[in-house]
Amino acid sequence: MAYYEDDFLMISGIQHFVFCRRQWALGHIEDQWEDNYLTLKGDQLHEKADDPFLKESRGSKFIVRAMPIHSVEYGLTGICDIVEFTKDDVNGVPVRGKKEKYLPIPVEYKHGQKKSDHSDELQLLAEAVCLEEMLFCHLEYGYLYYGKTKHRTKVEFTSELRAMLVRTVNEMHQYWDRKYTPKVKPTEKCKSCSLRNICLPSLLKTETVDEYLRRRLDD
């Protein structure tokens with residue numbers, strides 16, 4: 001299936017969707033955003049990584065920052081924090097201005113530490129499938145860099161992870177097509193959610209939005 005550009009979804013939204021379907025819908029469908037400490041720290045970490053004027057060459061590789069990417073097959077678009085083009089005469093692809101072939105390896109920067117779910121890995125893989133489609137290559141792995149631990153983790157793009165990405169992205173598109181925002185399901189995650197004051201999880205646990213608005217109007 002091929003998607004039109006108007007229906008492309010943001011790759012960065014994958015982690016929001018895995019974290020909480022409602023959070024993703026509030027932000028990406030209803031366009032409601034609110035920063036908290038965690039999101040602001042994440043923005044600071046990305047400032048250097050996403051500077052398109054910073055280019056580096058290190059031995060057999062060169063680095064491109066803030067690289068725009070997209071996938072017609074998955075209906076995704078976004079920006080790679082860093083793509084490390086590593087010299088690879090066997091699996092690499094031609095690069096304009098270079099004599100050798102290079103393999104593009106995505107590197108995604110995260111503020112905190114490794115999560116218990118697969119949201120970071122799925123976002124990184126989404127960047128990889130975009131690079132695969134755009135540059136006609138196949139990628140076996142990428143890297144996640146965590147600012148809190150200052151540790152870089154290698155992520156293998158297994159068939160299981162790829163299947164999980166397909167299911168996740170398909171579900172996101174279904175929500176997007178229906179313009180559907182699911183009801184709240186309060187969990188411990190709500191305490192760290194930047195949209196907590198918009199979502200009102202404790203309130204909506206006992207009454208619907210319509211009931212809340214009707215009560216406020218009556219008051």
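The values are calculated or read from the model by the stated rules, or taken from the named source; none is laboratory data. No experiment lies behind these values; they were computed from the predicted model shown. Reconstructed Cβ throughout: ideal geometry from the backbone, glycine too, with neighbour counts over all protein chains shown. Surface accessibility is based on the protein's heavy atoms, side chains included, excluding ligands, DNA and RNA. Shrake-Rupley method; radii C 1.70, N 1.55, O 1.52, S 1.80 Å.
Annotations for the structure displayed:
- For the residue pairs 87/150; 87/110; 110/185; 110/179; 115/148, alpha carbon separations beyond 23 Å are given by 87/150; 87/110; 110/185; 110/179.
- With the convex hull drawn around the C-alpha atoms of the range 49-120, the volume per residue stands at 139 Å³.
- Remark on residue 75: its backbone amide H falls under 5 Å from those of 3, a criterion applied only to residues 5 or more positions apart or on other chains, H modelled at 1.01 Å from N.
- One decimal place: the segment residue 61-residue 10 gains 15.6 nm when fully extended, by the rule 0.36 nm per residue minus the C-alpha distance.
- These residues, 187, 153, go from largest to smallest accessible area, 1.4 Å probe, as 187, 153.
- Counting only protein chain heavy atoms and rolling a 1.4 Å probe, the accessible areas of 160, 121 rank, largest first, as 160, 121.
- Ordered from largest to smallest accessible area (heavy atoms of protein chains, 1.4 Å probe), the residues 1, 172 come out as 1, 172.
- For residue 32, residues with placed amide H under 5 Å, excluding near neighbours: 27
- The charge dipole of the range 61-130, taken about the Cα centre with unit charges on the Cβ atoms of Lys, Arg (+1) and Asp, Glu (-1), comes to about 360 debye, rounded to the nearest 20.
- Note on residue 149 and residue 191: the model spin-label points, each 7 Å out from Cα along the C-beta direction, lie 2.1 nm apart.
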